[in-house]
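Take a look at the structure below.
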Amino acid sequence: MANASGKTPKPPRDEPAIRVVMMPRDTNGEGSIFGGVILSYIDQAAYVEALRQAPHRYVTVSMKEVIFKEPVRVGDVLSLYGQATRIGRTSMTISVKVMAERSSIPPEIARVTEAEVVMVAIGDNCEPREIELG
Ligand SMILES: CC(C)(COP(=O)(O)OP(=O)(O)OC[C@H]1O[C@@H](n2cnc3c(N)ncnc32)[C@H](O)[C@@H]1OP(=O)(O)O)[C@@H](O)C(=O)NCCC(=O)NCCS
């Protein structure tokens, strides 16, 4: 369904925007992965989803409250799913869900967190530009 801007996001994909293996270099003093590392991957997943929706240059303008419900550990495979929920004139709101596949037998999947990211399309002068759907 079109939103107020009249721009309808493409439907979700089954596949994650990105998948990444958690490495020892990214651990905090507790042995789990730094939250900031996960935030960085959330940003990347949102960017991949923004590009899927409309090919522009984008910058991140906001990331709403992110609550980590489960720890992420070395060896976990993170899957980050992105879906645009609103496409405005120059900005796009993207919901990102983060799942961790534990390296355990049998495999265990943990819902780590969700985030709402707003990305803004920019032009040559780095000013906001209108999003044109492909
Ligand atoms: C993003 C940026 C280009 C916006 O510039 P601006 O002059 O404030 O833009 P505008 O006020 O015209 O807003 C542009 C769009 O962003 C949205 N926006 C601006 N601030 C926002 C905020 N805090 N939260 C959500 N959306 C926001 C506006 O609603 C507008 O969307 P719309 O056109 O779909 O209605 C500018 O703030 C910037 O360059 N920020 C740094 C971005 C960056 O470098 N990020 C990487 C991390 S360092």
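For K7, the aspartates and glutamates whose Cα comes closer than 14 Å to its Cα, not counting residues fewer than 8 places off in the same chain, are E130, E132. Among D43, D76, D26, the largest mean-square fluctuation in a Gaussian network model of the chain (Cα springs under 10 Å) belongs to D26. Extension gain, T85 to E132, is 15.3 nm, computed as 0.36 nm per intervening residue step minus the present C-alpha separation.
Say R0 is 30 Å: what FRET efficiency, to the nearest 0.05, do E114 and V21 get from their beta-carbon distance? That pair, E114 with V21, gives E of 0.90.
Taking the longest Cα principal axis of the chain as reference, the axis of helix 35-53 is set at about 40 degrees. Within segment 1-87, the GluC sites (Glu not before Pro) that combine a DSSP coil assignment with at most 16 other C-beta atoms in a 10 angstrom radius are E30, E65.
Each Lys and Arg adds +1 at its Cβ and each Asp and Glu adds -1 at its Cβ; summed about the Cα centre, the chain shows a dipole of about 240 debye.
Hey, what number do you get for the chain at 222 nm if only DSSP H runs of n ≥ 4 count, each worth -39500 (n - 2.57), divided across all residues, to the nearest 500? The helix-only estimate for the chain comes to -5000 deg cm²/dmol at 222 nm. Can you give the log10 of the normalised intensity I(q)/I(0) at q = 0.14, 0.19 Å⁻¹, computed with Debye over equal Cα scatterers of the chain? The Cα Debye sum returns log10 ratios of -0.64, -1.01.
When the chain is treated as a GNM with alpha-carbon contacts under 10 Å, the residue of V96, V120, V21 showing the greatest mean-square fluctuation is V21. Here's the list of aspartates and glutamates a cross-link from K64 could span, going by alpha-carbon distance under 13 Å and ignoring same-chain residues fewer than 8 apart: D43, E114, E116.
Length gained on full extension, N28 to F68: 13.0 nm, using 0.36 nm per residue less the C-alpha separation.
Scaled against 2.2 N^0.38 Å for its residue count N, the alpha carbon radius of gyration of segment 45-103 is 1.30.
Every read-out reported here was derived from the displayed coordinates using simple, explicitly stated rules and does not represent laboratory data. Bear in mind that the values here come from a model prediction, so they are computed numbers and not experimental data. Positions of Cβ are generated from backbone atoms using ideal geometry, with glycine treated the same way; all protein chains shown enter the neighbour counts.
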